[in-house]
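J.: This is the structure, below, for whatever I ask next.
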Amino acid sequence: MKYISTRSKITPISSAKAILQGLAADGGLFVPEKIPKVSLEEIGELPKKSYEEISAWLLGKFLTDYTPDELGECAELAYNWFDVSARIPVAILIHDPEKKSPPVGNMELWHGPTAAFKDVALQMLPHLMRIALKKVGETKKILILVATSGDTGKAALAGFADVPQTKIMVFYPEDGVSKIQKLQMITQTGENVNVTAVRGNFDDAQTGVKKIFSDKKIRGDLNKLGVKLSSANSINWGRLVPQIAYYFAGYAEFIKSNQIKLGEKIIISVPTGNFGNILAAYYAYKMGLPVKKLICASNVNNVLTEFFATGVYNRNRKFFKTITPSMDILISSNLERLLFHESGGDFRQINRYMTELNNLGKYKIDKKLKDRLDKIFYAEYVTEDETKLFIKRVYDSFKYLLDTHSAVSIAALSKYRGKTKDFTPVLSASTASPYKFTSAVLSALEKNIDGVDDLAQINLLNDFTGLRIPKNLANLSTAKILHEDVCDKNEMAERVLKFAEK
Ligand SMILES: *Cc1c(COP(=O)(O)O)cnc(C)c1O
């Protein structure tokens with residue numbers, strides 16, 4: 001299996017190279033030349049496998065330059081931290097033994113070290129990179145540089161900590177992250193990690209990192225130190241491919257718990273930001289997972305809802321800060337991969353759309369492509385009030401607590417069912433523990449949080465619901481602070497060089 005670019009004709013490259021390179025030289029994203037197929041018989045074998053086995057099996061379909069042993073090792077190392085044996089359990093919200101109402105399964109993707117779904121990919125990516133370095137004969141260390149507004153930084157730190165031949169450095173805005181997010185980062189252990197606060201906002205941190213990436217002098221200096229820069233952002237193929245596995249695992253869970261029969265179609269609903277998670281569901285569908293519809297759930301930053309309804313992608317709009325911050329995105333980068341596949345690999349057309357997006361902030365897809373998307377996608381958005389309403393409603397009905405992002409998915413699904421009367425079984429992607437968004441969750445449950453700080457809110461939520469606090473969040477108040485560095489934005493490059501020397 002080789003990888004090509006969404007924007008021009010390039011010589012196909014191996015998956016190891018695509019993962020190390022991240023982005024194609026033409027600015028396009030790497031995609032597999034062909035989407036591999038799996039048979040129903042193969043899917044029928046999955047209920048017998050562990051999550052690690054399903055993950056290694058799935059990776060083997062796409063990363064054909066890795067050996068089965070290497071992929072098995074990656075899966076073991078990636079998921080041994082996950083604090084439940086199922087790794088990614090599916091909580092059945094609507095459970096009706098007489099099967100009169102079809103099940104809604106909430107696929108809990110957040111049992112990893114940072115209690116959010118990005119762990120599923122970011123626990124795996126460092127190992128895929130480490131093995132890729134060996135495969136291409138690279139002896140330099142790679143230094144992952146991240147600017148974060150909160151969650152991605154911690155998930156990347158947790159993933160790369162102590163992985164051989166890698167280093168990771170995270171910059172965050174000194175006053176631009178929550179108290180919990182800051183504590184999570186500055187208590188990160190590991191010989192190869194560095195966390196530095198930047199005096200400024202997130203844009204300052206991000207601009208600083210981008211400058212370092214494009215600075216030839218710094219790259220040269222790093223080169224002399226035996227270090228190469230790389231990034232771990234969500235368009236890297238090595239972050240996308242581990243996510244495809246859990247849709248198969250979720251389907252297998254449904255079979256195991258007798259909710260569906262092998263071959264029966266399901267609906268998948270996904271709370272969407274950068275379009276990575278739902279794109280993974282699309283790949284699963286294209287590979288042969290029996291899927292009837294993919295529901296793209298958004299918050300009031302509903303650029304995708306409008307796109308699927310009209311065929312026009314228009315980022316020129318007001319930006320809202322919401323209680324689902326991980327979905328506050330106006331450019332959903334991974335959509336480019338979907339358009340590439342559904343246009344039959346028409347890279348010229350994709351290049352045109354992306355140029356228009358860059359120059360005008362919008363593009364319109366042609367009717368043929370739009371009709372194809374309509375066959376499989378349904379898009380819906382929900383307001384802040386609706387999100388909170390569903391947290392309360394699901395908690396009151398099932399004693400099951402959703403975080404805000406997961407509630408957006410369930411609320412969008414409810415709208416879909418209301419409009420279409422389609423009661424096909426559903427797997428809904430649950431992307432964060434409710435303990436990550438305590439203030440919004442507590443206020444949805446009508447609890448008073450005036451004057452209660454972030455850490456105390458965790459205990460308040462625990463007192464009220466009795467729900468177990470994720471291990472790493474429970475330890476936060478006593479964890480040792482290891483990173484206290486602060487710098488100005490024009491000192492970032494210097495800090496990178498200093499850390500590279502270490
Ligand atoms: C990143 C994130 C999302 C959005 O996922 P995409 O792959 O960017 O669409 C949703 N929920 C949470 C909690 C996230 O961290």
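J.: Looking only at the stretch 99-112, filter to residues that are modelled with pLDDT of 95 or more and open to solvent by 10 Å² or more (accessible area, probe 1.4 Å); which one of those is nearest to the ligand (Cβ to nearest atom)?
T.: That would be TRP110.
J.: I need the full set of residues from the stretch 361-370 which are in a helix (DSSP H, G or I), loosely packed, with under 15 Cβ neighbours inside 10 Å and in contact (Cβ under 8 Å) with a residue 40 or more places away in the chain, in order please. If you could, list the steps in order and put the result at the bottom.
T.: First pass over the stretch 361-370, keeping only residues in a helix (DSSP H, G or I): 367-370.
Retained after the next criterion (residues that are loosely packed, with under 15 Cβ neighbours inside 10 Å): 367-368.
The one that is in a helix (DSSP H, G or I), loosely packed, with under 15 Cβ neighbours inside 10 Å and in contact (Cβ under 8 Å) with a residue 40 or more places away in the chain: LYS367.
J.: A further question on this structure: For the stretch 190-207, indicate whether the set of residues that are open to solvent by less than 10 Å² (accessible area, probe 1.4 Å), polar (S, T, N, Q) and either within 16 Å of the ligand (Cβ to nearest atom) or in a loop (DSSP other than H, G, I, E, B) (or both) is non-empty.
T.: Looking through the stretch 190-207, none of the residues is open to solvent by less than 10 Å² (accessible area, probe 1.4 Å), polar (S, T, N, Q) and either within 16 Å of the ligand (Cβ to nearest atom) or in a loop (DSSP other than H, G, I, E, B) (or both).
J.: On to the next question. Among the residues of the stretch 309-334, write down those that are crowded, with 19+ Cβ neighbours inside 10 Å and under 17 Å from LYS367 (Cα atoms).
T.: Hit for the stretch 309-334 is TYR313, nothing else.
J.: Out of the stretch 439-455, which residues are open to solvent by less than 10 Å² (accessible area, probe 1.4 Å) and β-branched (Val, Ile, Thr)?
T.: Hit for the stretch 439-455 is VAL441, nothing else.
J.: While we're on this one: Can you list residue pairs whose Cβ atoms sit under 7 Å apart, with the first residue in the stretch 443-457 being within 19 Å of PHE390 (Cβ to Cβ) and the second being not in a helix (DSSP H, G or I)? Count only pairs 6 or more apart in sequence or on different chains.
T.: SER443/ILE449
J.: Could you check the stretch 252-360 for helices (runs of 4 or more DSSP H) lying wholly inside it with 3 or more residues that are away from the ligand (no atom under 16 Å from the Cβ), more than 20 Å from the chain's Cα centre (by Cα) and of a type in the set (A, V, I, L, M, F, W, C)? So that I can check it myself, show each step before the final result.
T.: Values: elements: 276-287, 303-310, 335-342, 347-360.
In the stretch 252-360, the matching helices (runs of 4 or more DSSP H) lie at 347-360.
J.: Turning to a different aspect of this structure: Restricting attention to the stretch 105-120, does a residue exist that is hydrophobic (A, V, I, L, M, F, W, C) and on the phi > 0 side of the Ramachandran plot? Reasoning before the result, please.
T.: At the first step, the residues of the stretch 105-120 found to be hydrophobic (A, V, I, L, M, F, W, C) are 107, 109-110, 115-117, 120.
Then keep just the ones that are on the phi > 0 side of the Ramachandran plot; that gives 115.
Yes, the stretch 105-120 contains at least one residue that is hydrophobic (A, V, I, L, M, F, W, C) and on the phi > 0 side of the Ramachandran plot.
J.: Quick one: which residue in ILE391, ILE376 is open to solvent by less than 10 Å² (accessible area, probe 1.4 Å), farther than 21 Å from PHE117 by Cβ and within 22 Å of the chain's Cα centre (by Cα)?
T.: Details: ILE391 fails: farther than 21 Å from PHE117 by Cβ.
Exactly one of ILE391, ILE376 is open to solvent by less than 10 Å² (accessible area, probe 1.4 Å), farther than 21 Å from PHE117 by Cβ and within 22 Å of the chain's Cα centre (by Cα), namely ILE376.
J.: Could I ask something else about it? Scan VAL163, VAL146 and give me the residue that is modelled with pLDDT of 95 or more and hydrophobic (A, V, I, L, M, F, W, C).
T.: Details: VAL146 fails: modelled with pLDDT of 95 or more.
Testing whether each residue is modelled with pLDDT of 95 or more and hydrophobic (A, V, I, L, M, F, W, C) leaves just VAL163.
J.: For LYS228, only one of the following conditions fails: (1) open to solvent by 10 Å² or more (accessible area, probe 1.4 Å); (2) part of a strand (DSSP E or B); (3) within 16 Å of the ligand (Cβ to nearest atom). What is its number?
T.: Result: LYS228 passes all but (3).
J.: If we keep just the residues of the stretch 50-89 that are part of a loop (DSSP other than H, G, I, E, B), of a type in the set (Val, Ile, Thr) and open to solvent by less than 40 Å² (accessible area, probe 1.4 Å), which is modelled with the lowest pLDDT?
T.: Among those that are part of a loop (DSSP other than H, G, I, E, B), of a type in the set (Val, Ile, Thr) and open to solvent by less than 40 Å² (accessible area, probe 1.4 Å), it is VAL84.
J.: Every residue in the stretch 424-447 that is outside any helix (DSSP H, G or I) and away from the ligand (no atom under 13 Å from the Cβ), please.
T.: Keep residues of the stretch 424-447 that are outside any helix (DSSP H, G or I), which gives 424-433, 437, 445-447.
Those that are outside any helix (DSSP H, G or I) and away from the ligand (no atom under 13 Å from the Cβ): THR424, PRO425, VAL426, LEU427, LEU445, GLU446, LYS447.
J.: Does GLY44 satisfy the criteria of being in a helix (DSSP H, G or I), touching a Leu at 6+ places or on another chain (Cβ under 6 Å) and free of Cβ contacts under 8 Å to residues at least 24 places away in the same chain? Before you say what the answer is, go through the steps one by one.
T.: Details: in a helix (DSSP H, G or I): yes; touching a Leu at 6+ places or on another chain (Cβ under 6 Å): yes; free of Cβ contacts under 8 Å to residues at least 24 places away in the same chain: no.
So GLY44 does not fit the description; no.
The values are calculated or read from the model by the stated rules, or taken from the named source; none is laboratory data. Quick caveat: nothing in here was measured; it's all calculated off a predicted structure. We place every Cβ from the backbone using ideal geometry, glycine too, and count neighbours over all the protein chains shown. The accessibility values were calculated without ligands, DNA or RNA, using every heavy atom of the protein model including side chains. Shrake-Rupley method; radii C 1.70, N 1.55, O 1.52, S 1.80 Å.
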